[in-house]
Amino acid sequence: IIKQALQKENLLETCEKLATKGKGITACDESVGTIGKRFAGAGIQNNEKNRRKYRYLLFSTPGCEKYLSGAILDPETLSQSAFTYNESENLLKDAPTTLVDVLNNKGIVVGV
């Protein structure tokens, strides 16, 4: 009974976060094929690193948490690492955190 009560409380908290007035949910769950079509139109190669860069660009946009309460993700995204920017080398490097961590740190609810 305690476990059920905790699950119910967690579900209610999640619902409240998702239903925050003035915020919305973004669907970033494009399949490899669908995102490939978007990339092809822009002349971008459809590979895991470019998909990860694209998602990182979306999720790391300053202030996005002001407008987003939730993000629906493609399963590929769940294990993808974020990036850090090395200004002296003008280079993106793998970060020890995931893209999911980036969203969680902004208070954005993640789902698949």
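With all protein chains in place and a 1.4 Å probe, the accessible surface of the chain carries 56 percent carbon and sulfur. Residues whose amide H falls under 5 Å from that of L68, counting only those 5 or more places apart or on a different chain, are G24, with hydrogens built in the peptide plane. With a 10 Å cut-off between alpha carbons and a GNM built on the chain, which of T14, T26, T61 moves the most? Of T14, T26, T61, the Gaussian network model singles out T61 as fluctuating most. Which entries in K37/K66; K23/K49; K49/K93; K21/K53 show an alpha-carbon gap greater than 18 Å? From K37/K66; K23/K49; K49/K93; K21/K53, over 18 Å: K37/K66; K23/K49; K21/K53. If you take all other residues with their beta carbon under 10 Å from the beta carbon of D29, and give Lys and Arg +1 and Asp and Glu -1, the sum is -3. Here's the list of lysines a cross-link from K3 could span, going by alpha-carbon distance under 26 Å and ignoring same-chain residues fewer than 8 apart: K17. Around the amide H of F83, modelled in the peptide plane, lie the amide H atoms of A95, all under 5 Å away and 5 or more residues distant in sequence or on another chain. Taking 18 Å as the straight-line reach from the Cα of K106, the aspartates and glutamates in range (excluding those fewer than 8 positions away in the same chain) are E13, E16, E65.
The values are calculated or read from the model by the stated rules, or taken from the named source; none is laboratory data. Note that this is a predicted model, so its numbers are computed, not measured. Every residue, glycine among them, receives a Cβ derived from its backbone with ideal geometry; neighbour counts consider all protein chains shown. These accessible areas exclude ligands, DNA and RNA; they are computed on the full protein's heavy atoms, side chains included. Shrake-Rupley method; radii C 1.70, N 1.55, O 1.52, S 1.80 Å.
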